[in-house]
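Report on the following structure.
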Amino acid sequence: MEADCAIHSFLERIAIVGPSMELSAAEGNARPDHFVSESLAMSTNADADPRLAPAIVHRILVVDDEADTAAFLKSLLEKQGYEVTIAKDGGQAHSMFVMRKPDLVILDMMLPGETGFEVCERLKTLERRLPVVALTAIDMEDARNLARRVGVDAYLTKPFDPEELLQQIKQTAQDVWLKSRTENDHPDQSKPVRFACRCGKRFKVAQQHRGKTLTCPNCGEPVLVPRHD
């Protein structure tokens, strides 16, 4: 019930528009030492096509207010060679992001104050290519759909398999990295973003407004410009 209320509260705050995105599915590699040799072995192909190079993840920001879960994640990830920072809420997450930008974020959706959905939206506004993995006890289709809308790249539920999480970190980082390379190779900044408010008012804005929140002149409600088509 608490999770359902949090989702609907966030939906009321913003207008959710645009089609759903698929969660990440491409496999990648992380930076820890035991992956270095594999990365070097790929260097020849990567020189020919940079998209073949593995994504590099070194710093991970874990946002979770459950002390036991946060401690377990920190231990698990540090054993894999990652540098891990813990944040208990959205405010700490934002501060730590500004001080030292992470390569990937593991984010709980139920947090004190701001929800994980709002935290993700804010971080993606600062860095839209930041890989975000949701790790939450909320196993609802509405939550998954909302997570996609605000920019979550992968969605795992608690209790979780540590090996699955480690694999998902690599997959998500690689998928986001490949997508950024594709966008760089095939930019189309001239194509306007088309979307609509819940009241029916239609909008057409420039690409640089993706991820921003506008106010609908028709009903006065906030409208989120879709990050993806």
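Each value in this text was obtained by applying a stated rule to the coordinates, not by laboratory testing. As the structure is a prediction and not an experimental result, all values here were calculated from the model. Neighbour counts are summed over all protein chains in view; Cβ atoms, including those assigned to glycine, are modelled from backbone coordinates with ideal geometry.
Per-structure values
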item: Net charge of Cβ neighbours under 13 Å - reference D89; Lys, Arg +1; Asp, Glu -1; result: -4
item: Estimated FRET transfer efficiency (K201, E163; beta-carbon r; R0 35 Å; 0.05); result: 0.15
item: Whole-Hz couplings from phi, Karplus 6.51/-1.76/1.60, listed for the range 58-66; x for Gly and Pro; result: 10, 9, 10, 9, 9, 10, 7, 8, 8
item: Loop-located GluC sites (Glu not before Pro) in the range 125-229, at most 15 other Cβ atoms within 10 Å (DSSP); result: E127
item: For the range 66-121 and the range 131-157, distance of Cα centres in Å; result: 15
item: DSSP-loop trypsin sites (Lys or Arg not before Pro) across the range 55-125, with at most 12 other Cβ within 10 angstrom; result: R100
